[in-house]
Structures are given as C-alpha cells and as structure tokens.
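The next block holds one structure in the form of structure tokens; read it before the comments.
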Amino acid sequence: MADQKTDPLYHREGHLHTHTTTLSSITPLSSLPAATQPLFKPPPDKEPYILTTPSTIFHAQGGGQPSDTGTITLTSPTPSGNDPKFAVHQVRKVSAAILHLGTFEPADPRFTPAELGLPVRQAVDVPTRALHSRLHTAGHVLGLAIHLLSRAGEAGLPKDLRDGKASHYPGAAFVENIGLIPGDAKAAIQDKVDELVRLDLVVAIHFWSGAEAGVKCISGLDGAAVAEGEEVRVVDVGGLGSYPCGGTHVRTLGELGRVVVRNIKRQKGISKVSYEVVDA
Ligand SMILES: [Zn+2]
C-alpha cells in the first residue's frame, strides 16, 4: 500500500469538493506496518480502516494544515446491494501514497475485496475545508504583512526578519519569524493585514522549476530539496509574495473575513504571532 502513488488532485484543483475515482485498497489499520500505524489517531470506539484511491481531493495533513474530512462511497450500489459509507477522519501522506483513515458509518456494510476497482465518489466536508483554507491563506497574509513592514523598516520591525515555522490549526494558528518583533507592533501588523485583505488580492497557484521558485519566493525554497526537472507548487498572494506550499487556499482575500492578530510572543530570538479568522 505504501508503495502506491496517489495523485494529489487538490494541488491542481484546489476547489473541487467532489471527485469520482476508483477503490484501490481497503485494509484494517492494524494490518499496516508497525511504523506507519502511529501516524494515525483512530476514533476509540470503531474499527479503523485505511482506504486508498489512485487520486484524491482530500488534503493530507502537512505544511501546518490539518487533514480534510468527508466521505467515500460507491457511485452506485453493487449488484448484490452492497453500499458502504466510509467516513474519512484523517489523511496522511506516506512516501508517495495518500492514506485515508476512516470508519464505516454504520459499521456494516463494509467494502470487501469484491469492490476493488469500482468507481467511488469522494466528498470533502465543505465547511471544514473552507475554514482550513481561510486559516492557511490568512497565515500567508500575516507573514506577508510582517515581511512588508520589516523590509520598509516600519513599526520597529528589524529589516532582516525571516519566516520561520507556521501552524494553521483552528484555535492554534500562528506564524513564527526569526528575529524580534516588538509587542507594540501589533496594531501596525493588524493594519497592514487589513489593508491586504481589503484589496481582495487574488491567490494564485503556480508550478515553477526549483530554480525559479528559489529566486522568486520570499524565503526561497525554504530548505526544500528539489530534484532536477521537478516542479515546485507555489502560492502567490496578489503578486506581492510567493511561497512554496502544498495546502489549500481561498481564491481571493475577500473570502477570509477578518484576520485577527491575537498575540506576539518572543522567545530565544523567535517571534510567534498568533492569529485567527472571524467572519467579517
Ligand atoms: Zn499555502
């Protein structure tokens, strides 16, 4: 299973909420290699399975963005009347394979080997995806606002601030910067974020060569190794800033609502700026 290669369709079609593909495999989580099983946190009360398909619209956890959730069902019941409903709880990438962890709701019927190769319909949970996309895009906007203030030498930000880690989880979203952001810069950062959102900038996805991405992205390739001939997926915010990124985003910044800068904490030379998104 882990030697499978899954096409991450959400990289090119980031706004597809349903997709028809085929059932490649269905395996109890307990049959996965011992090293792979701990990647998943199954629900305690139901038997967890791992389902794979040749392509997927489910975002796999990574890059600071949580998994999508949703359902995978047959496009039509089998002649014997089998029509299982697979609820996707968590999605992880293992090598080139994207693994969907889920449970059958109800517990029976389940997919059997007889259904392998049959067409299945993927449906992501739209409100969850929308929230994740807003939080993720808001992280880019906040990083960009801090970058613009830093390079302009405004609000007391050092000119050599650099992007650090980021998390876009609901209730725990932050961006880190290497360098010290003074606490009283919060209002100026909020103003800059508001200004960018008000412009309703377009969020575009590009596939660039490693060389092009290394030159044009704000933090270069961010330490990612890019093989010769391999393309890098890049997100661009209104032509003002580009970042290598595998996540899902909103189409224009107007969809974000309001991005609220919550807190600035400094520790060991790193400034952590927490934020959330709220409806405008
Ligand atoms: Zn992104």
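The values are calculated or read from the model by the stated rules, or taken from the named source; none is laboratory data. Remember, it's a predicted structure, so these values are computed and weren't measured experimentally. In this analysis, Cβ positions are derived from the backbone assuming ideal geometry, glycine residues included, and neighbour counts consider all displayed protein chains. For accessibility, only protein heavy atoms count, side chains too; no ligands or nucleic acids. Shrake-Rupley method; radii C 1.70, N 1.55, O 1.52, S 1.80 Å.
In this label model, residue 195 and residue 22 are separated by 5.4 nm, measuring between points 7 Å along each Cα→Cβ vector.
So what is the calculated 222 nm ellipticity per residue for the chain, using -39500 (n - 2.57) for each DSSP H run with n of 4 or more, over all residues, to the nearest 500 deg cm²/dmol?
About -5500 deg cm²/dmol.
Take the eigenvalues of the Cα gyration tensor for the chain, scale each by 5, and report the square roots as semi-axes in whole Å, largest first. Working shown, then result.
Details: eigenvalues 298, 71, 60 Å².
In descending order the semi-axes read 39, 19, 17 Å.
Note on surface exposure: 231, 176, 13 rank 231, 13, 176 by accessible area, highest first, 1.4 Å probe. When restricted to Cα atoms, segment 129-278 yields an Rg and a Dmax of 14.7, 45 Å, respectively.
Principal-axis analysis of the Cα atoms of the chain puts helix 186-198 at an angle of about 60° to the longest axis. Peptides 56-64, 136-144, 251-259, ordered by how many other C-beta atoms sit within 10 Å of their residues on average, highest first, read 136-144, 56-64, 251-259.
For the peptides 197-204, 118-125, the ranking by mean Cβ contacts within 10 Å, running from highest to lowest, is 118-125, 197-204. Taking the longest Cα principal axis of the chain as reference, the axis of helix 126-151 is set at about 20 degrees.
Using the Karplus relation 6.51 cos²θ - 1.76 cosθ + 1.60 with θ = phi - 60°, the per-residue 3J(HN,Hα) values for segment 79-96 come to x, 7, x, 6, 8, x, 10, 9, 9, 8, 9, 8, 10, 10, 9, 10, 6, 9 Hz, with x marking Gly and Pro. Here segment 6-74 and segment 204-280 have alpha carbon centers that stand 24 Å from each other. In this calculation the C-beta distance from residue 73 to residue 187 is compared with R0 = 35 Å, giving a FRET efficiency of 0.10. Computing FRET efficiency as 1/(1 + (r/R0)^6) for residue 112 and residue 13, where r is the C-beta to C-beta distance and R0 is 30 Å, gives about 0.50.
With the simple spin-label model, which puts each label point 7 Å out from Cα in the Cβ direction, the residue 169 to residue 123 separation comes to 2.9 nm. In percent, rounded to a whole number, the relative contact order of the chain is 18, using alpha-carbon pairs under 8 Å and six or more apart.
Residues of segment 94-130 with an amide N closer than 12 Å to a point placed 7 Å from the Cα of residue 39 along the Cα-to-Cβ direction: 94-101.
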